[in-house]
Amino acid sequence: MRKSAADCHQASADAESIPPGFSVPGRDGVLSQAIPFDRARWLTHLPSSDWWPPELDACPAVADRRRVDRNTVFAVARRSDTVEGRRHLLTAALVWGTGTKARSVARRAHIFAAASAEDIDARLEAALGTLREEGPVAAYYAFNNDQRIKHLGPAFFTKVLYFAGHERSAAAWRPLILDRFVALALRAEDTGEKWRASGWTTPCYGRYLSFAHERAQRAGVLPDQIEAALFARGKQLA
């Protein structure tokens, strides 16, 4: 595990830096968060087999189901400077965030039925270019407005942003996942925001990043460890 001068990758947060009941996982625990998937089910919905990342076929199986973890999706994301790499990143992020239910997979696959592959390619390239050049808040705006991909809402396009930029962001803030469980935990954290279950604005995303980065700095961890802690807390509250 890599270390920095500030030891921001330490396995557990300073107990005095976090409120009671808010448990921050170690970085290894975050990266190993694994979700089962059904390859055959996804292949019936993708525009072509070329959209399937080969890294997913190397994932370990548990109880006859392969499981993809964050570490694997990060590996896919390192190839997102090409058209094929961006397609694979989108697919991997969707697979990791969806699970095995046929209904859930079909719902996510509406993305591919609603637009041409070329249109999705162009919007992914533009939004991820904004991430590199202007940072995660501007990229959030792009995905939510000018570069919107129909049926790809914030809960999932923030996954794409997270995997594309969290480990190599040059901006002051790293992109983080924002979904309904994170929002539920943020509401309980009394951040001053009336967090709803979906439809978050760009300023709202910026306030979330500010909160998570400030908490991460105080606790001596990476921002995605705070996101994972919020997600776990939100699942408990739900």
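Listed by chain and number, the aspartates and glutamates placed with their C-alpha closer than 13 angstrom to that of K101 are D38; residues fewer than eight positions away on the same chain are left out. Counting only Cβ charges, +1 for Lys and Arg and -1 for Asp and Glu, the dipole size of segment 131-235 around its Cα centre is about 280 debye.
With N residues in segment 29-112, what two-decimal value do you get for its Cα radius of gyration over 2.2 N^0.38 Å?
Taking N as the residue count of segment 29-112, the ratio is 1.00.
Computed over segment 171-238, the alpha-carbon pair-distance distribution with 10 angstrom bins reads 23, 60, 18, 0, each value a whole percent. For segment 115-238, the ratio of Cα radius of gyration to the globular rule of thumb 2.2 N^0.38 Å stands at 1.03.
Note on the chain: Cα-Cα pairs beyond 22 Å make up 51% of the total pair count.
The value of relative contact order for the chain, using C-alpha pairs under 8 Å at least six residues apart, is 22 percent.
For the chain, take the longest principal axis of its alpha carbons; what is the angle in degrees between that and the long axis of helix 154-165, to the nearest 10 within 0 to 90? For 154-165 against the chain, the angle is about 80 degrees. Over segment 52-192, the ratio between the Cα radius of gyration and 2.2 N^0.38 Å evaluates to 1.04.
May I have the convex hull volume per residue, in Å³, for the Cα set of segment 134-196?
Spelled out: Cα convex hull of segment 134-196, divided by residues, is 101 Å³.
Coordinate-derived values only; no laboratory data. For clarity, every value in this text was computed on a predicted model and none was experimentally measured. Ideal geometry is used to build each Cβ from the backbone, glycine not excepted, and the neighbour counts take in all protein chains shown.
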